[in-house]
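What follows is one structure encoded as structure tokens, with my remarks underneath.
What follows draws every value from the coordinates through simple rules; no lab data is involved. Computed from a prediction, not measured in an experiment: that's the story for all the values here. When we count neighbours, we look across all protein chains shown, and the Cβ atoms used for this are built from the backbone with ideal geometry, even at glycine.
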Amino acid sequence: MLDLVCLGEPLIEFNEQPDGRYLRGFGGDVSNCAVAAARLGAKTGLLTRLGDDSFGDAITAMLTHEGVDISAIERDAAVPTGIYFVTHDEGGHHFEYRRAGSAASLMNRGTLPLDYLRHTRALHVSGISQAISEGAADAVVMAIETARSAGALVAYDTNLRTRLWPVCKARPVIHQALALCHIALPGFDDAVALTGLTEPDAIADFYLSLGAQVVALTLGDKGALVATAQERQHLPAVPAAHLVDATGAGDAFDGAFLAEYLKDADPFRAAAFANAAASLSVRGFGAIEPLPRRQQVEALVAA
Ligand code: KDG
């Protein structure tokens, strides 16, 4: 039995450095989340498809090294593993994808290992998991239904990427899937685009009324608003002394939040812990490399 299964697409990352060279690393939102949770002690698995190429080999080696279960990952010799580039300017970081037709994008209801989904305490999926293809979007819904029926908690990060799909297409797909989930993990900018609401409390109300039992709305440098039907709290951000690259900070939050929430179902404590993890994750380049270990997060929470 795993604590957390993440379903979506891992990517090889090429991250622009100050000297213009590109540093090879790893990305892919739910894969980042799986590694973040694994580094914090959760028993985690990744459900995806990869090309039978050197990039796919590198991803499976990285996941194995991180202790993430890869036993359900399917390799496809006919299509490649997805990649993306990260560039940086005054506006922050920007993504450019080379992932159309990737092995993960060919996920569909028929490729899902249903039994794997029945042996986890929680499932995590995202808007990106659904954006990569219609087959993947359907597979995500089937995965949610399968894990839920087996008693798992299901979490969903909106992770809206308009380079993958326009908001008008994303909105109904995301909201339909989110309505089946227990934990909504929207980012503030995503939520504004998807709901048209601009007040954090109104956004939290929206996701609660959609069916979520817990909403953890991330607010960037303002921290997170966490709401349940009974209570809500604003958990302030932990400032990062030196912000290098915010790629994957939301995924670090998700992984830490879920790893902690699975311990005692306290979403407020989990969010305070996740804010600290997210703050540590922006202090180096890449989505995976700077993800913190438990000791570092606990020290920052206690500071
Ligand atoms: O959250 C960070 C991810 O967005 C990044 O690692 C790449 O998964 C990715 C995507 O599709 O944008």
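Our coupling estimate for segment 104-111, obtained by passing each phi through the Karplus curve with A = 6.51, B = -1.76, C = 1.60 and θ = phi - 60°, is 5, 5, 8, 4, 7, 4, x, 8 Hz, Gly and Pro reported as x. The equivalent ellipsoid that matches the C-alpha gyration tensor of segment 7-81 spans semi-axes of 20, 17, 9 angstrom, in descending order.
Using 0.36 nm times the number of residues separating Q17 and A302, minus their current alpha carbon distance, what extension gain do you get? Write out the running numbers ahead of the final one.
Numbers: separation 285, 0.36 × 285 = 102.60 nm, distance 3.25 nm.
That pair, Q17 and A302, stretches by 99.4 nm at full extension.
With the convex hull drawn around the C-alpha atoms of segment 178-257, the volume per residue stands at 95 Å³.
Report the GluC sites (Glu not before Pro) located in segment 52-124 that are in a DSSP loop and have at most 12 other Cβ atoms inside 10 Å of their Cβ, or state none.
E90
If both residues of a DSSP beta bridge must be in segment 80-193, then about 50% of such bridges are antiparallel.
Restricting the GluC sites (Glu not before Pro) of segment 218-302 to loop positions (DSSP other than H, G, I, E, B) with no more than 14 neighbouring Cβ atoms within 10 Å leaves E231.
Along each principal axis, taking the top coordinate minus the bottom one, the Cα set of segment 157-291 gives 36, 36, 24 Å in descending order.
Amide H to amide H distances under 5 Å link G284 with V244, D245, where only residues 5 or more positions off or on other chains count and H is placed in the peptide plane. For a modelled paramagnetic label at E289, 7 Å from Cα along Cα-to-Cβ, the residues of segment 12-55 in reach, with backbone nitrogen under 14 Å, are 13-27. Provide, for q = 0.10, 0.12 Å⁻¹, the log10 of I(q)/I(0) from a solvent-free Debye sum over equal Cα point scatterers in segment 1-137. Those come out to -0.31, -0.45, one per q. Between Q213 and A265, the distance separating the two model label sites (each 7 Å from Cα on the Cα→Cβ line) works out to 0.5 nm.
Rounded to the nearest whole Hz, the Karplus-based 3J(HN,Hα) values (6.51 cos²θ - 1.76 cosθ + 1.60, θ = phi - 60°) of segment 150-164 follow the sequence 8, x, 7, 7, 10, 10, 9, 9, 4, 4, 6, 10, 6, 6, 9, with x at glycine and proline. For segment 57-176, the Kirkwood hydrodynamic radius from C-alpha pairs, put into Stokes-Einstein at 4 °C and a viscosity of 1.567 mPa s, yields a diffusion coefficient of 82 µm² per second.
Beta bridges per DSSP, both residues in segment 161-302: antiparallel share near 75 percent. For the pair segment 40-66 / segment 92-163, the C-alpha centres are spaced 15 Å from each other. Using a simple spin-label model with pseudo-atoms 7 Å out from Cα toward Cβ, R163 and H119 lie 3.7 nm apart. Using just its DSSP H runs of length 4 or more, each adding -39500 (n - 2.57), the chain gives a mean residue ellipticity at 222 nm of -12000 deg cm²/dmol after division by all residues.
Its Cα gyration tensor gives segment 130-231 an equivalent ellipsoid; the semi-axes, largest first and in whole Å, are 21, 18, 10. Once Rg and the Kirkwood radius are both taken over the C-alpha atoms of segment 244-303, their ratio Rg/Rh works out to 0.96. Scaled against 2.2 N^0.38 Å for its residue count N, the alpha carbon radius of gyration of the chain is 0.90. Extension gain, A100 to L197, is 31.8 nm, computed as 0.36 nm per intervening residue step minus the present C-alpha separation.
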